[in-house]
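The values are calculated or read from the model by the stated rules, or taken from the named source; none is laboratory data. What you are looking at is a predicted structure, and each value in this text was computed from that prediction instead of being measured. Cβ coordinates were reconstructed from backbone atoms using ideal geometry, including for glycine residues, and neighbour counts include every protein chain displayed. Quick note on the areas: whole protein, heavy atoms, side chains included, nothing else; ligands and nucleic acids left out. Shrake-Rupley method; radii C 1.70, N 1.55, O 1.52, S 1.80 Å.
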There are 2 protein chains.
Amino acid sequence: MRERHFSLGGIDGVLWTPAADSTGRPLILLGHGGGQHKNAPGVLARARRYVASCDFAAAAIDAPAHGDRQKTEHDERSIAAIRAQIAAGESAWSQVADYNAGLAAQAVPEWRAMLDALQGLDEFGGPVGYWGVSLGTTIGIPLAAAEPRIFAAVFGLAGEETLAAAAARITCPVEFLLQWDDELVPRASGLALFDALGSREKTLHANPGRHGEVPRFEVDSSEAFFRRHLR
Amino acid sequence: MRERHFSLGGIDGVLWTPAADSTGRPLILLGHGGGQHKNAPGVLARARRYVASCDFAAAAIDAPAHGDRQKTEHDERSIAAIRAQIAAGESAWSQVADYNAGLAAQAVPEWRAMLDALQGLDEFGGPVGYWGVSLGTTIGIPLAAAEPRIFAAVFGLAGEETLAAAAARITCPVEFLLQWDDELVPRASGLALFDALGSREKTLHANPGRHGEVPRFEVDSSEAFFRRHLR
């Protein structure tokens, strides 16, 4: 696997491709979760899988206030409030949903600029998929709603509160992950977000366990899903 | 694919195996839906898939009052009542659930006797899986609850009403299919049945569409599921 780093408008990104060059291969955009970054283990594992097993390319950038990017005073205050809520044993969902929606408003044009730049290179003229759960979905849903170049998306671990309207505008096939015992996202809110998706083909995969416990076999399933729609 | 017909206690069955003999291969029991039979197109398609792609064996029998089996006066009356309900545009779910539960009480010992007989042959000493939705789940859930030889099961298109207690006793991995716009099984009842399953590994696959519109890619998914657990 070849790993290349790039920078666009001050935002650092990573690009993973098979060692052998071939134009027109599908490209998977990887959106990381809250508190993670473009090189987080879960992002890297998926990049490796999609490149090694599917011969796809993959790309990731840091979300605003994540990875190497600066946090504003608003970020610091919001994160502290979320942590205090969790430490007190109370639901932080409403705060997380609002904070993430603010990050998404900034992130969507960043992803689109990144896609413009990559598709300017012959190498990445093929179909595009998006994978991202939790914060990766709060960014990914308005991104896919705005971006006809995204042909298929894996979302999940998020709820309807700030996302229902954008979800209704999505038309590409979606695989949606829900954790049945999610301590952050209320089950009914996750089911309602799946319900709100406008896509004719959408498939909900719900599994027992907490927010961070998506089973490994869902990586296999996402691979089959992307193969089905991007090949 | 080799197809063999057998009869046990007056009940006819079909057995599908790869042409080449090999002992110890996994065996998938195929439970058909209401109004169908052991050679229905959906059953045959799955038998072909599991035999051809996975090198598994597959077996099916007619449910009581289905296929070549006699209907009693109670069957005729129940079926007429269900049809009248549907023709009047009203929900037939309560009648269907009750009628199917009665069929299951008879079918479970039949499947167990069939399994005893097959496992008496060296050829079928391997792990056993069960696939069946709708009536196939109303029979399959009490069967899997009673039968430790079933290592993995695909269920779905059924609700909690008559099945919650048996579902709670199931421990094997389950893939559970739910049709988001099911005109027969209320969505909440299907979700509650998934919730009731006692299995530590269970995965819900929900897709848009009516009762009979489970998407084709779920056959691929069931194949991956059985490979994961029976190999």
When you check B:GLY159 against the structure, is it part of a helix (DSSP H, G or I), more than 14 Å from chain A (Cβ to nearest Cβ) and touching a Gly at 6+ places or on another chain (Cβ under 8 Å), yes or no?
no
Condition set surrounded by fewer than 18 Cβ atoms within 10 Å (Cβ to Cβ) and charged (D, E, K, R), scope region A:50-68, selection farthest from A:THR17 (Cα to Cα): answer is A:ASP68
If we keep only residues of region A:206-228 that are touching a residue at least 40 places away in the same chain (Cβ under 8 Å) and in contact with a Gly (Cβ under 8 Å, 6 or more places away or on another chain), then the residue least open to solvent (accessible area, probe 1.4 Å) is A:PHE226
Here the qualifying pairs (Cβ atoms under 7 Å; residues six or more apart or on different chains; first in region A:1-18 and touching a residue at least 24 places away in the same chain (Cβ under 8 Å); second among the polar types (S, T, N, Q)) come out as A:VAL14/A:ASN39
| query | Do we have B:ALA168 as surrounded by fewer than 21 Cβ atoms within 10 Å (Cβ to Cβ), more than 12 Å from chain A (Cβ to nearest Cβ) and of a type in the set (A, V, I, L, M, F, W, C) here? | reply | yes
For region B:28-40, check the following and say yes or no: at least one residue is among the charged types (D, E, K, R) and either surrounded by fewer than 22 Cβ atoms within 10 Å (Cβ to Cβ) or free of Cβ contacts under 8 Å to residues at least 12 places away in the same chain (or both).
no
Across (1) at pLDDT 95 or above; (2) under 20 Å from B:ALA105 (Cβ atoms), B:GLY10 clears everything bar (1)
Per the filter on region A:201-221, residues within 18 Å of A:THR171 (Cα to Cα) and either at the interface with chain B (Cβ under 7 Å from one of its Cβ atoms) or in a helix (DSSP H, G or I) (or both) are A:LYS202, A:THR203, A:LEU204
Just to be sure, is B:VAL43 free of Cβ contacts under 8 Å to residues at least 60 places away in the same chain and in contact with a Leu (Cβ under 7 Å, 6 or more places away or on another chain)? yes
Here the residues within region B:174-200 that are open to solvent by less than 40 Å² (accessible area, probe 1.4 Å), facing chain A (nearest Cβ under 10 Å) and not in a strand (DSSP E or B) are B:TRP180, B:LEU191, B:PHE194, B:LEU197, B:SER199
Of the conditions (1) in contact with a Leu (Cβ under 6 Å, 6 or more places away or on another chain); (2) at positive phi, the single one that A:ALA65 does not satisfy is (1)
A:THR137 passes all but one of the listed conditions (1) assigned to a helix (DSSP H, G or I); (2) more than 14 Å from every other protein chain (Cβ to nearest Cβ); (3) out of contact with any strand residue (DSSP E or B) (no Cβ under 6 Å at 6 or more places or on another chain); the exception is number (3)
Expected output for region A:119-140 (first residue within 23 Å of A:ALA196 (Cα to Cα), partner open to solvent by 30 Å² or more (accessible area, probe 1.4 Å) and of a type in the set (Gly, Ala, Ser), Cβ below 7 Å, 6+ apart or cross-chain) is A:SER134/A:GLY34; A:LEU135/A:GLY34; A:THR138/A:ALA101
